[in-house]
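Each value in this text was obtained by applying a stated rule to the coordinates, not by laboratory testing. Just so it is clear, the structure is predicted and the values come from calculations on it, not from any experiment. Every residue, glycine among them, receives a Cβ derived from its backbone with ideal geometry; neighbour counts consider all protein chains shown.
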Amino acid sequence: MEDDQMAEHQIGDYVKGKKFGSFEHDFEGEIEKVYENAVLIHILSFDNEDRILVGELNNRAIVRKGDATPAKVKAE
């Protein structure tokens, strides 16, 4: 079942990424690249406590596919 979920990730999908490493909170963004077991997320929404880290990462993070779940895009 998880393999089916992982196969659904596509470039342009808006997802929520689980906190990892130095992140204090989960974050959200758009998938820029899909790898075999991970995705590259362009981080668009994050907690202010993670502001410096997100800047150091150039607003991008590589996340395991299982840790990237669909998220609703915030109304602008």
Note to self: List the residues, sorted by chain then number, that are 5 or more residues from ARG60 or on another chain and whose placed amide H is less than 5 Å from its amide H.
What the structure shows: ILE43
Checklist line | HN-Hα J in Hz across the range 20-26 - Karplus 6.51, -1.76, 1.60, θ = phi - 60°, x for Gly and Pro | finding: 7, x, 8, 5, 8, 9, 5
Next item on the list: Give the long-range amide H neighbours of ASP13: residues separated by 5 or more places, or on another chain, with amide H under 5 Å away, using H modelled in the peptide plane at 1.01 Å from N.
Entry: ILE31
Note to self: Please compute the length gained on full extension between VAL73 and ASN59, using 0.36 nm multiplied by the number of residues separating them and subtracting their Cα-Cα distance.
What the structure shows: 3.3 nm
Next item on the list: Subtract the Cα-Cα distance of GLU8 and PHE20 from 0.36 nm times their separation in residues, and report this length gain in nm to one decimal.
Entry: 2.1 nm
Check: Of the peptides 12-25, 34-47, how do they stack up when ordered by the mean number of other Cβ atoms within 10 Å, highest first?
Finding: 34-47, 12-25
